[in-house]
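Undergrad: Following this message is one structure expressed as structure tokens.
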Amino acid sequence: MTVEAHDPRPKKVQIADTLREEIAALPGGHRLASLRELADRFKVTTVTAGSALKVLADEGVIVSVPNRGYFVQTPPGAGEATQDADRPVNREEINAIRSEIRQLAARVAELEKRAQFPSSA
């Protein structure tokens, strides 16, 4: 597969769009082809292939793991819904979280007040 010369989109965008469609069918954590393999596949330099992967990484579609490669990003909360649905409600945990939220809200209010009215001390 090659990028289309008559396509007005930059090469990296053409590659990113193609990969985005393919990635949609892959499970989270799936390892993508190497930079060199992608460059060969699309008949571009490794710099252009890397730019396309950067586009996808910036969008959160994939994640780069240094010295290991690029992987399909696991959607946030994937797998957690079924685990939480089967878990019984724990009132103590709920109350602890509510307490933390109240403490954080008080801290935010304190910081906002300081930001609006600097101390003269």
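The values are calculated or read from the model by the stated rules, or taken from the named source; none is laboratory data. Computed from a predicted model, the values in this text were never measured in an experiment. Surface accessibility is based on the protein's heavy atoms, side chains included, excluding ligands, DNA and RNA. Shrake-Rupley method; radii C 1.70, N 1.55, O 1.52, S 1.80 Å.
Undergrad: Could you compute how much accessible surface SER34 exposes when probed at 1.4 Å, giving the result in Å² to the nearest 10?
TA: Counting only protein heavy atoms, SER34 exposes about 40 Å² to solvent.
Undergrad: So what J values fall out for region 36-44 if you push phi through Karplus, 6.51 cos²θ - 1.76 cosθ + 1.60 with θ = phi - 60°, rounded to Hz, Gly and Pro as x?
TA: 5, 5, 5, 4, 5, 4, 8, 6, 10
Undergrad: Non-local amide H neighbours of ILE62 (under 5 Å, H modeled in plane, Pro and chain starts lacking H): which ones?
TA: Hits under the 5 Å cutoff: ALA57, GLN73.
Undergrad: Leaving out ligands, DNA and RNA, what percent of the accessible area of region 6-69 is carbon and sulfur, probe 1.4 Å?
TA: Of the solvent-accessible surface of region 6-69, carbon and sulfur hold 55 percent.
Undergrad: Not counting ligands, DNA or RNA, and with a 1.4 Å probe, what is ILE97's accessible surface area in Å² rounded to the nearest 10?
TA: It works out to around 80 Å².
Undergrad: Continuing with this model, one more query. I'd like the Karplus ³J(HN,Hα) series for region 95-106: coefficients 6.51, -1.76, 1.60, θ = phi - 60°, whole numbers in Hz, and an x wherever there's a Gly or Pro.
TA: 5, 5, 5, 4, 5, 4, 5, 4, 5, 5, 5, 5
Undergrad: Then there is this: On a 1.4 Å probe surface of the protein chains, which of VAL13, VAL72 comes out largest in accessible area, and what is the full order?
TA: VAL13, VAL72
Undergrad: In what order, largest first, do ARG102, ARG31 sit by accessible area if the probe radius is 1.4 Å?
TA: ARG102, ARG31
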